[in-house]
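Remarks on the structure that follows.
Laboratory data are not the source of any read-out in this text; all were calculated from the coordinates shown. On a predicted model such as this, the values are computed, not experimentally measured, just so you know. Note that each Cβ is placed from the backbone with ideal geometry, even for glycine, and that neighbours are counted across all protein chains shown.
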Amino acid sequence: MLLKRWSETFAEMLGNFQHNPERAHLLLSSLEEMTGYFREAVRRAAVTPGDGLLRALVIGKVDGDSLTEDEIVTNAILTMVGGQETTTNLIGNGLLTLIRHPGELTRLRADPALVPQAVEELLRYESPSQHTARVATEDTTIRDTPVRRGQAVIAVMGAANRDPGQFPDPDRLDLARSSNRHLAFGWAAHFCFGAGLARVEGQVAFTELLRRFLACAPSPAPSSGGRTWACAASANCG
Ligand code: HEM
């Protein structure tokens, strides 16, 4: 719960272009708490033999060089936050997308072997990480647009993943889409470190949701004036 609360605070600030300065103090205090938590965990890993990620980062060496404690703590925070909100969004938005496309949901139920391809299509169609940013280290040009050194560039993967030049009929959800070369996990040097794990988590989650629930449908929620979604458990729900 602690890790989830920290990463939600982080995501609220990072995922919003119009950062709310009044909530900045929450981000700073979460960052301070996380740093303390991971610093302690790194120090424990340094004196406790084991095969966890922190221990690997503590003892790992490349050309005789190892990471400093600050670098390990920073990477631990990045990995924890990077792996929480994104995967939660993949499962939550993916399920909502399936409910909104009953034909595709029926298709998936009829052929659960389609789940790995379906996860790729859900990553493309409702990209959990919509955008990322870089700061130019030198003057350059992207297509015909000049970018000056020090300028920020925002890459919207959510838009690239609906690019008609790359994906035929991009606004159509097609769970069996082939050649699905989406950018949901980024690209090049900073390609998502947890992509393999996220894919497995998505595949397990959707396989189990299909197995355990017979049907999901919108139902009115009179108190809030909005809608909730009700899922009927199947007989083998366990
Ligand atoms: C559906 C789930 C996920 C999505 C959509 C996602 C998306 C992304 C994207 C777009 C990037 C590149 C960011 C950039 O270039 O600015 C990235 C990087 C990263 N992701 Fe994920 N991610 C997911 C799951 C995970 C998981 C489960 C972990 C860890 C267990 C993780 C750890 C990281 C890390 C450490 C980086 C930075 C890699 C680097 O800078 O070299 N991600 N992710």
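For Val147, enumerate residues with amide H under 5 Å from its amide H, sequence gap 5+ or separate chain, H modeled in the peptide plane.
Thr140, Thr141, Ile142
Multiply the residue separation of Ala195 and Leu78 by 0.36 nm, subtract the distance between their alpha-carbon atoms, and state the gained length in nm to one decimal.
Values: separation 117, 0.36 × 117 = 42.12 nm, distance 1.41 nm.
Stretched out fully, the Ala195 to Leu78 stretch lengthens by 40.7 nm.
What distance in nm lies between label points placed 7 Å from Cα along the C-beta direction at Ala136 and Asp51?
Placing both labels 7 Å along Cα→Cβ, they lie 4.8 nm apart.
Would you mind checking the tilt of helix 115-125 against the longest principal axis of the Cα atoms of the chain, expressed as 0 to 90 degrees and rounded to 10?
In the chain, helix 115-125 runs at an angle near 70 degrees to the longest axis.
Multiply the residue gap between Arg44 and Glu22 by 0.36 nm, knock off their C-alpha separation, and tell me the result in nm, one decimal place. Spell out each step's value before the answer.
On the way: separation 22, 0.36 × 22 = 7.92 nm, distance 3.54 nm.
Length gained, Arg44 through Glu22: 4.4 nm.
Round to the nearest 10 and give me the degree value, 0 to 90, for the angle of helix 24-47's Cα axis relative to the longest principal axis of the chain.
Once rounded, one gets 70 degrees.
Expressed in nm to one decimal, what extension gain is obtained for the pair Ala155 and Ser179 from 0.36 nm per residue of sequence separation less their Cα-Cα distance?
On the way: separation 24, 0.36 × 24 = 8.64 nm, distance 2.17 nm.
Length difference between fully extended and current span is 6.5 nm.
What list of ³J(HN,Hα) couplings, whole Hz, do you get for region 147-153 from phi and the Karplus terms 6.51, -1.76, 1.60, once you set θ to phi - 60° and write x for glycine and proline?
10, 8, 3, x, 7, 8, 10
Before anything else, pin down the relative contact order of region 2-233: Cα pairs under 8 Å, at least 6 apart, normalised by residue count, whole percent.
Working: 249 pairs, mean separation 34.7, N = 232.
About 15 percent, as a whole number.
Does a label point 7 Å from the Cα of Phe213, set along Cα-to-beta-carbon, have any residues of region 77-118 with amide nitrogen under 16 Å, and which are they?
Residues 88-110 fall inside that zone.
Provide the packing ranking of 44-57, 193-206, 131-144, i.e. peptides ordered by the mean count of other C-beta atoms within 10 Å per residue, highest first.
In descending order of packing, they fall as 193-206, 44-57, 131-144.
Would you kindly calculate the mean projected area, averaged across all directions, of the convex hull enclosing the Cα atoms of region 2-233, in square nanometres? Spell out each step's value before the answer.
Values: hull surface 70.9 nm².
That works out to 17.7 nm², a quarter of the Cα hull's surface.
Under Stokes-Einstein, with the Kirkwood radius over Cα pairs standing in for Rh, what whole-number D in µm²/s applies to region 57-174 at 4 °C and 1.567 mPa s?
Rounded, D is 73 µm²/s.
Can you check what the net charge comes to around Ala46, using other residues whose Cβ is under 12 Å from the Cβ of Ala46 (Lys, Arg +1; Asp, Glu -1)? Provide the component values of the computation, followed by the final result.
Values: positive: Arg39, Arg43, Arg44, Arg55; negative: Glu40, Glu69.
With Lys, Arg at +1 and Asp, Glu at -1, the neighbours total +2.
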